[in-house]
Amino acid sequence: MTAVLTPRQQHCLDGIGITAWRPRPAVDAAELKPIAEAIPAQSGQPRSAPPVQSHQPSAPAESKPATPRPTVMPVELELNDWEQTLQAIEACTQCDLARTCTRKVPGKGFQQADVLIIGEAPGHDEDIQGKPFVGRAGQLLDKMLAAIGLSTESVYITNILKCRPPGNRDPQVDEIAACAQFLRAQIKLVAPKVILSVGRISAQNLLGQQSPLGRLRTQQHVLPGTDIPLLVTYHPAYLLRTPSEKAKSWEDLKALHRLLHLD
Ligand code: URA
């Protein structure tokens, strides 16, 4: 079966470098793992809290496993609204990244968006501008969203970490733990219809799963502890390095489009 693209969609696909695509094969729900049930919500946390797990800082790109939680947990803050949350991110010194980053990068976009996009951590450009996904990867993300009729302003975009790790190294266990309460607050405040998790570090930490990204993106998920559907896709920086995977990311975007009932 070949779906017909509108000229605008075709134009957007050309923009992100996809020249041909195939429809996604139907996923048999019986084959999927009951991920939300497999990961109990942590006691004392709101229902929307993702069970943030850490991962090995030295692990390689898209296939490395996550690692256990840190033993030292950060101070829990009152984060009941956007003002408290953004101020707390700005004031945060709970890990060393606060000293090494240029600017905090809390998030951008529509605070009541249907779609919440969660990446890994700010890079060089984001660190300077104080906004997520403004570099080359962000430009590709914008085009990917446009391909399904979403503007950057209509979604909310944030990261697992709000500060740039030096040299763009992988986030460390304590850093992820220190930032987790901000992400939990943002998820609660946005209350999205769908979460789009981009990249391995985002997906593994949100789901508390160690599976490789290539597997996670083919499975159906809800954010553990909530009933929010969560889609996993490739990080746009990975797509810039590996354009041959763009066709798969287009399948993920179409799944997002379907979930939003835009079809
Ligand atoms: N990569 C990310 O994961 N987030 C950003 O904000 C920029 C690049």
Review point. Ile128: over 20 Å from Tyr234 (Cβ atoms), among the β-branched types (Val, Ile, Thr), in contact (Cβ under 8 Å) with a residue 12 or more places away in the chain and in contact with a Phe, Trp or Tyr (Cβ under 6 Å, 6 or more places away or on another chain), yes or no?
Key: no
Review point. Name the pairs: first residue in the stretch 80-92 and surrounded by 18 or more Cβ atoms within 10 Å (Cβ to Cβ), second residue assigned to a helix (DSSP H, G or I) and at pLDDT 95 or above, Cβ to Cβ under 6 Å, at least 6 apart or on different chains?
Key: Thr85/Ala185; Ile89/Phe182; Cys92/Ala98
Check your understanding: Any idea which residue in the stretch 216-251 is surrounded by the fewest Cβ atoms within 10 Å (Cβ to Cβ), counting only those that are free of Cβ contacts under 8 Å to residues at least 60 places away in the same chain and touching a strand residue (DSSP E or B) at 6+ places or on another chain (Cβ under 9 Å)?
Key -> Pro229
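Could you grab me the full set of residues in the stretch 227-245 that are in a helix (DSSP H, G or I) and either under 11 Å from the mean Cα position of the chain (by Cα) or within 15 Å of the ligand (Cβ to nearest atom) (or both)?
Pro236, Ala237, Tyr238, Leu239, Leu240, Arg241
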Exercise for review: Tell me which residues, restricted to the stretch 114-146, are of a type in the set (Gly, Ala, Ser) and under 13 Å from Leu196 (Cβ atoms).
Suggested key: Gly119
Revision key, fill the gap. The residue from Ala113, Ala147 that alone is surrounded by 23 or more Cβ atoms within 10 Å (Cβ to Cβ) and either of a type in the set (Val, Ile, Thr) or away from the ligand (no atom under 13 Å from the Cβ) (or both) is Ala147
Practice item. State yes or no: is Leu140 buried (at least 24 other Cβ atoms within 10 Å of the Cβ) and either more than 21 Å from Leu230 (Cα to Cα) or in contact (Cβ under 8 Å) with a residue 40 or more places away in the chain (or both)? Key: no
Exercise for review: Could you please let me know if Leu161 is in contact with an Asp or Glu (Cβ under 7 Å, 6 or more places away or on another chain), buried (at least 24 other Cβ atoms within 10 Å of the Cβ) and of a type outside the set (Asp, Glu)?
Suggested key: yes
Practice item. Consider Glu175 carefully, then state whether it is in contact (Cβ under 8 Å) with a residue 24 or more places away in the chain, within 14 Å of the ligand (Cβ to nearest atom) and under 29 Å from Leu260 (Cα atoms). Key: no
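The values are calculated or read from the model by the stated rules, or taken from the named source; none is laboratory data. Source: prediction; values computed, not measured. Cβ atoms come from the backbone with ideal geometry, glycine included; neighbour counts cover every protein chain shown.
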